[in-house]
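To keep things clear, I will list the structure first and then write my remarks on it.
The values are calculated or read from the model by the stated rules, or taken from the named source; none is laboratory data. Predicted model, so just to flag it, every value in this text is computed and none were measured. Cβ placement follows ideal geometry from the backbone for every residue including glycine, while neighbour counts extend to all protein chains displayed. Protein only, heavy atoms only, side chains kept; ligands, DNA and RNA dropped before computing areas. Shrake-Rupley method; radii C 1.70, N 1.55, O 1.52, S 1.80 Å.
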Amino acid sequence: MTATLACARLLAAAVIAFAATPALAQGPEDKVVIVTSFSKELTDPFAQAFQKKHPGTRVEVQNRNTAAAVTFIRETRSSPPDLMWASAPDAFEVLKKDKLLQKYQPKAQGIAAKVGSYPVNDPDGFFVGFAASGYGIMYNTRYLRANNLPPPKEWDDLKKPIYAGHVGISAPSRSGTTHLTVETILQGEGWDKGWGTLLEIGGNLAQVSDRSFGVPDAVNSGQYGIGIVIDFFGLSAKASGFPVEFAYPTITTIVPANIGIIANARNQKAAEAFVEFLLSEEGQQILLDPKIQRLPVRLTTYEKVPPGYPNPFKDARLGARVIFNADVSEARYELINSLFDRVITFRLKELNAAWKAIHDAEAKLGARPSAEATRLMAQAIKLAGAVPITEKEASDRAITGAFQEIKAGQKAAGRQAEFEAAWDAAAVKNYAEAKALAERALAAR
Amino acid sequence: MSSLPTIAAPPPSLAVRLGASPAQVVALAAIALFLLAFLIIPIVRVIVVAFTGPDGFTLVHFGDFFATGLLREAFWNSIYVGVMTVVVASLIAVPLATILSRFRFRGAALIHTLGVVPLVMPPFVGAVAMQLIYGRNGAINLLLLDWFGFRIPFMDGLNGVIFVEALHYFPFILLNLSASLANIDSAMEESAQNLGAHGFTLFSRIVFPLALPGYVAGAALVFVKVFDDLATPLLLNVTNMLAPQAYLKITSVGITDPMGYVISVIMIICSLGGMALAGLALKGRDFATQQRGGGGLARRSLGPAGNAIAAVFVVLVLLLVLSPHIGIFLLSIATVWSFAVLPDGYTLAHYATIFREAAPLISNTVLYCGLAGLIDVILGGMLAYLVLRTRLPGRRLVEQVAMSAVAVPGLVLGIGLLRTYYDVKLPFTGEPLATFWFMLVIAYAVRRLPYALSAATAALQQLHVSLEEAAENLGAGKLTTLNRIVVPLIVGGLLAGFVTSFATAAVELSATLLLVARAPDAPLAYGIYVYMQSAAGRGPGAALGVIAVVVVAVATYLAYRVAERERGLKARELL
């Protein structure tokens, strides 16, 4: 029956095409296929509104996690879906590198060029930012009350010993937005100090989640109390009734969410129409829905936002103070992901133990520790906050090359597995030594 | 153990000496072809990178594996967790199976059904429910903390993984052992009793040894499944095991080093090793008995005290193993459930939300998983028969290839199928074969073939070949013998295979997420995934999870009723 229907539709389409004016014949195709990692709450309203505006075009949404989406697009290049719609900037970079995206210059006017310190659109024109989000701290109010914890306000608060075992984050290798935040900290504070901060917060982490949504999910349940998350996770959970709050720290990063047209898209016109719809006043308005809660990139949309809605173009806290060098970031992208996993994700227990020993010793040593104890503690803190590679090495082509696809004729300084084995061993050794030093300092009081 | 009861040494039968009939050769070739097309070629196309260096073939990546401390640690952790889970799962499953098969116990059908439900852990929802019940701040620990001021780390580290895995996978042992116990003839038991064996002696010397094939099949499956399981370590955030290490490499965007595939290859080898070890444990022993039609062991009355003890045990175990499912149910009717023993309030709104979408998701799940289970039972049954009853060359190899599927990550198979069959277009519609819904059936079937295969093998090991010879001597053809003798007598094992395949396929996510191309083709697991990506979707996602559990429970119950009727028809009146 569907076949008959399809035939009838085809016939009708042919008749219309024959009779229609050229302008009508150039309208969007009858469907647009979108691969997305966004939740239903976001995709459904957009799909419905778009279909209302373009009644002849059906939106087909394929929900996949980011990795499955990238793999799917890569494996189906002979007849791919039309659009990739996701947060993760790294996924778009990978697709771009593999020549799986096509250039598209949106016609929409009045879109900001930059949000915070990041460009909204890909400088090469392969993907387009349609919304922005800021990183911040989400916490479960019941959990904090039960554990007598004050709500953390700043990133540095998360280093405090009282939060040990109460904080969660997603791994930068698993979440492109977390990656940007990590990179921002490293660029903002400098390599050594930045890693010091990350590792000290790492000492308090209860978990490094393998998916972005794992963090808000755990905070919502009260599995742990505090999550380092992107704003809409916190805000939409609150809107859904969970006892959670979200706060931006004084300095935060703003990251864009993107859409890109896939190379050789079958429904080119419809895909373009969808991108334009996202950027239109109508589309941007949908972002303000309490269950979506993303920051529009169209400046005029902010005239209609409810009071208290974050505005990254007015509010100086949101990202403006951070300087972000995209070239530095790109060169060491894969390396940072791997390094974070070696020294934090996979050695979390050891890292927790080292910082616990340090914090215990600090508490017991009091205000006037002996000179020997002070020296030992300084050493311990240095070891527990150090990574086994310098900033210069991290940008060295020969080393970063080991973490990228090996091209013929390109010589890397070693295999990824060799670096990873060495870093893992160094992390284990450092944390064990730091723990021992802190214990010795306590004995030398 | 030397006193294993053997009725007769198997005489070299005519059929066996002659090798095999043409039909059997064709059957083996067909199975081999199926595996080649939908397992070997797709997998090899993906994992070839594990053996590829800048200058072509290399084994250097395997050297890297063993040179990395983290990965060596992961390797031993996986083995440790696998072995310990078998022990813990046995503690749950062996008493349950014994009570069910040896005693007249009311509600046995219900327990058989509920015994399968733990296999159905809907993706994400199951994880959230487990954390809300057993987690650090789950219901039980919040109560303990309130009343006694301490917590029990159920879900911490490797021991947490063992705890959750045992609750999750003990049905493998329960199902296979029950099927095996049901195949033991009561005459065996009666003879032993006449000779003065009772109680534990009877159990340890007669019943358990005779049921060993089923137990070993189940235990081996538990080991390899746990060894390769990804969901539980991820749920507990334990990353220093092999499966999560492979997964994190393979699914991270932008990671290009081959270590993920190297780990996959090592996992496949280890799983085959585990299976081979299990085979070795049974080697040189004969479990077959000739008597048939007794309808299994005599079911004894327990007496009031025994009944009460058994009932308490069964209820406690079921409460323990079904608590995640109770949690999922609560989640599906909860308004908000956060850092509390129970939800804040209750609502049916989540069911209303999914009401319209649920019907196609359910029918797709039943269709896909039913077909996959059927394919598995047919292929697994045929292959088990060919391996045990013929001397066809290559039959062991085909068996091992089929078994290796248990260790293949769903994602790797998904990528392979997509890579191999996306450019193969269907006639008429021009749709790529890879994203046609039947490919999901195949993906499910391939990965679960080992369950049906080992269940069928265990059942067939208990069936003495002389029964088939007798039938043939009486003039029955091979097909008639198969139809009238073999299949009816191993139907319990086949059923166990079907149920495990069906139940686990119903919640498979990784391959599903890659191969579903259109929402109308999607099964329940996809629907759950889509909801569980946002805070507001937790309730509706849980509601879909409940539906998945109910679908599997109903299917299992129906399958069990059918098997019981078969059994009832055969059973002779004993009392």
* To do: Taking the Cα centre of chain A as origin, work out the dipole magnitude from +1 charges on Lys and Arg Cβ and -1 charges on Asp and Glu Cβ, in debye rounded to 20.
  => 340 debye
* Asked: Based on DSSP H runs of at least 4 residues, each adding -39500 (n - 2.57), what is the mean residue ellipticity at 222 nm of chain B after dividing by all its residues, to the nearest 500 deg cm²/dmol?
  -> -22000 deg cm²/dmol
* Asked: Counting only Cα, what are the radius of gyration and maximum Cα-Cα distance Dmax of the range B:190-287, in Å?
  -> 20.3, 70
* To do: At 7 Å along the Cα-to-beta-carbon direction for both B:Ala305 and B:Leu144, put a label point, then send me their distance in nm to one decimal.
  => 3.3 nm
* Asked: Got a sec? What order do A:Asp315, B:Asp376 fall in by accessible area at 1.4 Å, biggest, i.e. largest, first?
  -> A:Asp315, B:Asp376
* Asked: What do you get for Rg/Rh over the range A:59-98 if you use C-alpha atoms and the Kirkwood form of Rh?
  -> 0.92
* To do: Starting from the Cα gyration tensor of chain B, multiply each eigenvalue by 5, take the square root, and state the resulting semi-axes largest first in whole Å.
  => 37, 31, 24
* To do: Please list the radius of gyration and Dmax for the range A:116-211, considering alpha-carbon atoms only, with Å as the unit.
  => 15.5, 50
* **Unit charges at the beta carbon, dipole of chain A: most positive-side option, A:Gly385, A:Ala363, A:Gln51** => A:Ala363
* Structure fact -> Once both label points are put 7 Å beyond Cα along the C-beta direction, the A:Lys97-A:Glu393 separation in nm becomes 2.2 nm
* Any chance you could look up the accessible area of A:Glu200 with a 1.4 Å probe, heavy atoms only, rounded to 10 Å²? => 40 Å²
* Scattering curve values for the range A:127-284, log₁₀ I(q)/I(0), Debye with Cα scatterers, q = 0.10, 0.15 Å⁻¹ -> -0.42, -0.81
* Let me know the charge dipole size of the protein assembly as shown about its Cα centre in debye, to the nearest 20, where only the beta-carbon of Lys, Arg (+1) and Asp, Glu (-1) is charged. => 1300 debye
* To do: Working with all protein chains in place, sort A:Glu281, A:Glu183, A:Glu362 by solvent-accessible area computed with a 1.4 Å probe, largest first.
  => A:Glu362, A:Glu281, A:Glu183
* With all protein chains present, calculate the accessible area of A:Trp155 using a 1.4 Å probe and round the result to the nearest 10 Å². => 50 Å²
* Inter-probe distance in nm under a simple model that places probes 7 Å from Cα toward Cβ, at A:Thr300 and A:Ser78 -> 4.6 nm
* Asked: Using alpha-carbon positions, what is the distance between the centroids of the range B:349-405 and the range B:432-510, in Å?
  -> 9 Å
* To do: Note down the Stokes-Einstein diffusion coefficient of the range B:26-105 in µm²/s, whole number, using a Kirkwood radius over alpha carbon pairs, 10 °C, and 1.306 mPa s.
  => 91 µm²/s
* Structure fact -> Expressed in Å to one decimal, the Kirkwood Rh of chain A from all distinct alpha-carbon pairs is 23.8 Å
* State the Cα centre-to-centre distance between the range B:233-279 and the range B:328-346 in whole Å. => 35 Å
* To do: Jot down the per residue volume, in cubic angstrom and as a whole number, of the convex hull over the alpha-carbon atoms of the range A:25-143.
  => 161 Å³
* Structure fact -> If each part is reduced to its alpha-carbon centroid, the range A:27-62 and the range B:120-138 end up apart, in Å, by 33 Å
* Asked: For A:Asn147 and B:Ala470, what does the FRET efficiency come to when R0 = 51 Å and r is the distance between their Cβ atoms, rounded to the nearest 0.05?
  -> 0.10
* Using unit Cβ charges (K, R positive; D, E negative) and no other charged atoms, how large, in debye to the nearest 20, is the dipole of the range A:196-285 about its Cα centre? -> 200 debye
* Show B:Glu508, A:Glu391 ordered by accessible area, largest first, where the area counts protein heavy atoms only and the probe is 1.4 Å. => A:Glu391, B:Glu508
* Could you look at the range A:226-314 and say what percent of its accessible area is carbon and sulfur, using a 1.4 Å probe and all protein chains? => 55 percent
* Diagonalise the Cα gyration tensor of the range A:202-273 and give the resulting equivalent ellipsoid semi-axes, square root of 5 times each eigenvalue, largest first, whole Å. => 33, 15, 14
* To do: Report the paramagnetic label zone for A:Lys269: residues of the range A:73-102 whose backbone N is under 18 Å from a point 7 Å from Cα along the Cα-to-Cβ axis.
  => A:82-83
* Structure fact -> Rounded to 0.05, the calculated FRET efficiency for the beta carbons of B:Val25 and B:Arg484 at R₀ = 25 Å is 0.65
* State the antiparallel share, in %, of DSSP beta bridges confined to chain A, rounding to the nearest 5. => 60 percent
* Structure fact -> Taking Lys and Arg as +1 and Asp and Glu as -1, residues besides A:Phe274 with C-beta under 15 Å from its C-beta add up to -1
* Structure fact -> The answer for the longest stretch of chain B without any exposed trypsin sites (Lys or Arg not before Pro) (DSSP loop, at most 10 further Cβ atoms within 10 Å) is B:284-571
* Can you give the % of DSSP beta bridges in the protein assembly as shown that are antiparallel, to the nearest 5? -> 60 percent
* To do: Taking all pairs of distinct Cα atoms, average 1/r, flip it, and tell me the Kirkwood hydrodynamic radius of the protein assembly as shown in Å to one decimal place.
  => 30.6 Å
* To do: Can you tell me how much longer the chain between A:Glu439 and A:Lys52 gets when fully stretched, taken as 0.36 nm per residue apart minus their C-alpha distance, in nm with one decimal?
  => 132.6 nm
* Structure fact -> With every protein chain in place, the accessible area of B:Thr239 for a 1.4 Å probe, in Å² rounded to the nearest 10, comes to 20 Å²
* **Reciprocal of mean inverse Cα separation for the range B:254-408 (Kirkwood radius, Å)** => 22.2 Å
